[in-house]
Amino acid sequence: MFDDLWYKNALIYSLDLETFMDSNGDGVGDFVGLNRRLDYLQTLGVDVLWVAPFQKTPNRDNGYDISDYYTVDPRHGSGGDFVEFMHEAKKHGMRVIIDLVANHTSIDHPWFQASRKKDERFHDWYVWSKKRPPDWNEGMVFPGVQKRTWTFDKERREYYFHRFYEHQPDLNMDNPAVRAEIRRIMGFWLELGVSGFRVDAVPFIIERPKLRGKKNGSMHFDFLTEMRDFLQWRSGDAVLLGEANVLPKDSKAYFADGQGLHLMFNFWVNQHLFYALASGDIRPLLAALRATKKIPPGAQWAQFLRNHDELDIDRLTEEQRQTVFDRFGPDPKMQIYHRGIRRRLASMLGDRGHSRLAHSVLFSLPGTPVIRYGDEIGMGEDLSLNERDAVRTPMQWSDEPSAGFSAAEKLIHPVIDKGAFAYKFVNVENQRRDPDSNLRWMRRLIALRKECPEIGWGEWEILPAGSKHVLAILYTWRGTSVLVVHNFADRPVEARLRIDAPGGERLVDLLDPISLDGDRENRYRMKLDEFGSRWFRLSNLNYGIERAEGG
Ligand code: GLC
């Protein structure tokens, strides 16, 4: 019944035009540049591109501060370039999803400018208060950088609410005219061919302004249903991918029995996965997987390792969080907002085996994997940059000046040119030629993941493996099964498994030309290398799927 839900089993690649490929030498990436890299993305195995905000913006928050929702920012090209890009992406067999930043606009947006002048039409488009609310300095999303959530506007002589930076006033979603406008924005980009939206800051879109700052304030989940209804009327197969870092018990309301978000980033699993990577102990990760197991049949988790923000570990216990900080971000300048780490994956994990483990786990988690540009070649960060800009440096294409990203001498986001992660060493061009490179390895891994549709579609269960370091997940879909086993310890471990499923008497390794036979009760003792991973297909159901070919 759900066979056509493409998003349940796809590889999503997240990129920011700004730092991906600059075609005209002005130091900022653009659509024409991205078009030239679609072959690369297709060869990598990408199904869906998630393109970060590219609309008109004063760019004080990496484009998440929009001043015109209907226009491409001229730095990235024109509306015509966008349409060309959509056409090319389609030709390359890729879908495109874009950000929907509905919680706030830029302070420069004409709507806000009109609202602060008490213009009749826009009077109530934002969240205003005549008096300074008692919680004016509470609930900041960027603690340490952001000082308050209510700011006095000299022109209107009232306070406006901003969950994020001061230059990002929150739209008043209680106002039906605002919601109608958000739908118009969705309709506009859907008509231009996008397959859906990564919905920015979902919990803040649906929180009720009147109750802001108060505990247990009610949430407008009906806004999500409203958005989904509209989306589905306009484009039957488009999706909403929500950014909502919420507790497992709360995610249910966001999926709304299949009437809300189609996909949600699994922040809960993400944070516990990092704890497992830091400590070698997978037990909290197992609990996180179980806690997020039940979702409506048409819904899906988006699993990820890193994104364009900090690695947020706020939801771990204090002790767990400290373990992750100690291991991956011990230096205070690696930490941010008292809850996160502003580093890239490869530099954080250091050891190559460790980052390969992380990616192998990612691709074997129940859900749709989302990868971040540059992680396929193991890029690092630049801690001298502001806040989250540390992880937003230009894609390293080659060892030419400016990493082959741009012909400009001066870039808006500087390239990484120092240390072990400098573009001279870490770049696509080098890795394309090196059979042992991260890029070639990622291509193989992605191919392998695509040979295992059970992971996106199937039922899954965690198998006891006799060790707190070993994660073993068995997937079954339409009578075929895949077993994926990972060792989180930095030393070899023997796993003990019993497979109670048809075909469990023989495991065919999908990476190495070997197979294992179980004993009479389908029990196995399996050697795993340090940070080792093994992907198997259960025997008699093996339809001759061959070893993933090297990239
Ligand atoms: C989301 C984005 C982040 C942005 C914020 C405000 O959290 O991921 O990058 O700063 O929303 O739009």
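The values are calculated or read from the model by the stated rules, or taken from the named source; none is laboratory data. All values derive from a computational prediction rather than experimental measurement. Heads up, the Cβs are rebuilt from the backbone with ideal geometry, glycines too, and the neighbour counts pull from every protein chain shown. Protein only, heavy atoms only, side chains kept; ligands, DNA and RNA dropped before computing areas. Shrake-Rupley method; radii C 1.70, N 1.55, O 1.52, S 1.80 Å.
Of the residues in the range 260-274, how many are out of contact with any Phe, Trp or Tyr (no Cβ under 8 Å at 6 or more places or on another chain) and more than 11 Å from N245 (Cα to Cα)? If you could, list the steps in order and put the result at the bottom.
Quick first cut of the range 260-274, residues out of contact with any Phe, Trp or Tyr (no Cβ under 8 Å at 6 or more places or on another chain) only: 267-268, 271-273.
Of the ones still in play, those that are also more than 11 Å from N245 (Cα to Cα) are 272-273.
Residues flagged as out of contact with any Phe, Trp or Tyr (no Cβ under 8 Å at 6 or more places or on another chain) and more than 11 Å from N245 (Cα to Cα) within the range 260-274 amount to 2.
Can you name the strands (runs of 3 or more DSSP E) wholly within the range 440-502 that have at least 1 residues being over 20 Å from I295 (Cβ atoms)?
Values: elements: 459-462, 470-477, 480-487, 493-498.
So the answer is 470-477, 480-487, 493-498.
Being of a type outside the set (A, V, I, L, M) and either more than 22 Å from P110 (Cα to Cα) or within 19 Å of the chain's Cα centre (by Cα) (or both) is the filter here; which residues of the range 178-211 pass it?
Residues of the range 178-211 of a type outside the set (A, V, I, L, M): 179, 181, 183-184, 187-189, 191, 193, 195-198, 200, 203-204, 207-210.
Those that are of a type outside the set (A, V, I, L, M) and either more than 22 Å from P110 (Cα to Cα) or within 19 Å of the chain's Cα centre (by Cα) (or both): E191, G193, S195, G196, F197, R198, D200, P203, F204, E207, R208, K210.
Does at least one position in the range 167-190 carry a residue that is within 16 Å of the ligand (Cβ to nearest atom), surrounded by fewer than 20 Cβ atoms within 10 Å (Cβ to Cβ), among the acidic types (D, E) and part of a loop (DSSP other than H, G, I, E, B)?
no
Report those strands (runs of 3 or more DSSP E) wholly inside the range 1-107 carrying at least 3 residues which are within 16 Å of the ligand (Cβ to nearest atom) and either closer than 17 Å to S195 by Cα or open to solvent by 10 Å² or more (accessible area, probe 1.4 Å) (or both).
Details: elements: 12-15, 48-51, 68-72, 95-100.
Once the strands (runs of 3 or more DSSP E) in the range 1-107 are filtered for at least 3 residues that are within 16 Å of the ligand (Cβ to nearest atom) and either closer than 17 Å to S195 by Cα or open to solvent by 10 Å² or more (accessible area, probe 1.4 Å) (or both), what remains is 12-15, 95-100.
What is the number of the single condition among (1) open to solvent by less than 30 Å² (accessible area, probe 1.4 Å); (2) within 16 Å of the ligand (Cβ to nearest atom); (3) under 30 Å from H338 (Cα atoms) that G144 does not meet?
Of (1) open to solvent by less than 30 Å² (accessible area, probe 1.4 Å); (2) within 16 Å of the ligand (Cβ to nearest atom); (3) under 30 Å from H338 (Cα atoms), only one is false for G144: (1).
Regarding Y126, is this residue open to solvent by less than 10 Å² (accessible area, probe 1.4 Å) and not polar (S, T, N, Q)? Quick ask: steps written out before the conclusion?
Values: open to solvent by less than 10 Å² (accessible area, probe 1.4 Å): yes; not polar (S, T, N, Q): yes.
So Y126 passes the test.
Scanning for something surrounded by fewer than 13 Cβ atoms within 10 Å (Cβ to Cβ) and in the same structural domain as N62 (by TED's automatic domain parsing), does the range 193-211 turn up at least one residue?
Quick first cut of the range 193-211, residues surrounded by fewer than 13 Cβ atoms within 10 Å (Cβ to Cβ) only: 210-211.
In the following step, the residues that additionally are in the same structural domain as N62 (by TED's automatic domain parsing) were identified as 210-211.
Taking every residue of the range 193-211 in turn, at least one turns out to be surrounded by fewer than 13 Cβ atoms within 10 Å (Cβ to Cβ) and in the same structural domain as N62 (by TED's automatic domain parsing).
Could you identify the single residue in P464, P366 that is touching a strand residue (DSSP E or B) at 6+ places or on another chain (Cβ under 9 Å), not polar (S, T, N, Q) and not assigned by TED's automatic domain parsing to the domain that holds W268?
The match here is P464.
Among the residues of the range 149-163, which ones are within 16 Å of the ligand (Cβ to nearest atom) and open to solvent by 20 Å² or more (accessible area, probe 1.4 Å)?
Passing the criteria: only R163.
Could you list, in sequence order, the residues of the range 232-284 that are of a type in the set (D, E, K, R), in contact (Cβ under 8 Å) with a residue 60 or more places away in the chain and closer than 23 Å to D4 by Cβ? Lay out the reasoning, then the answer.
In the first step, residues of the range 232-284 are kept if they are of a type in the set (D, E, K, R); the result is 234, 237, 243, 249-250, 252, 257, 281, 283.
Those left that are additionally in contact (Cβ under 8 Å) with a residue 60 or more places away in the chain: 237, 281, 283.
Passing the criteria: only D237.
For every residue, the table says whether it meets (1) out of contact with any Pro (no Cβ under 7 Å at 6 or more places or on another chain); (2) at negative phi; (3) away from the ligand (no atom under 16 Å from the Cβ).
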| position | (1), (2), (3) |
| --- | --- |
| R339 | yes, yes, no |
| A346 | yes, yes, yes |
| V361 | yes, yes, yes |
| F405 | no, yes, yes |
| H413 | no, yes, no |
| Q431 | yes, yes, yes |
| R444 | yes, yes, yes |
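Select from the range 444-467 the residues that are in contact (Cβ under 8 Å) with a residue 40 or more places away in the chain and open to solvent by 30 Å² or more (accessible area, probe 1.4 Å) and write down the one among them that is farthest from Q42 (Cα to Cα).
Filtering the range 444-467 down to residues in contact (Cβ under 8 Å) with a residue 40 or more places away in the chain leaves 444-453, 455-457, 460, 462.
Pick out the ones that are also open to solvent by 30 Å² or more (accessible area, probe 1.4 Å) and you get 444, 447, 450-451, 453, 457, 460.
On the way: R444: 13, A447: 12, K450: 13, E451: 16, P453: 19, W457: 22, W460: 29 Å.
If we take residues in the range 444-467 being in contact (Cβ under 8 Å) with a residue 40 or more places away in the chain and open to solvent by 30 Å² or more (accessible area, probe 1.4 Å), then W460 is farthest from Q42 (Cα to Cα).
Report the residue count in the range 343-374 for those that are in a loop (DSSP other than H, G, I, E, B) and open to solvent by 20 Å² or more (accessible area, probe 1.4 Å). Please lay out each step first, then the result.
Step one: list which residues in the range 343-374 are in a loop (DSSP other than H, G, I, E, B), which gives 343-344, 350-351, 364-367, 373-374.
Remaining after also requiring open to solvent by 20 Å² or more (accessible area, probe 1.4 Å): 343, 350-351.
So the answer is 3.
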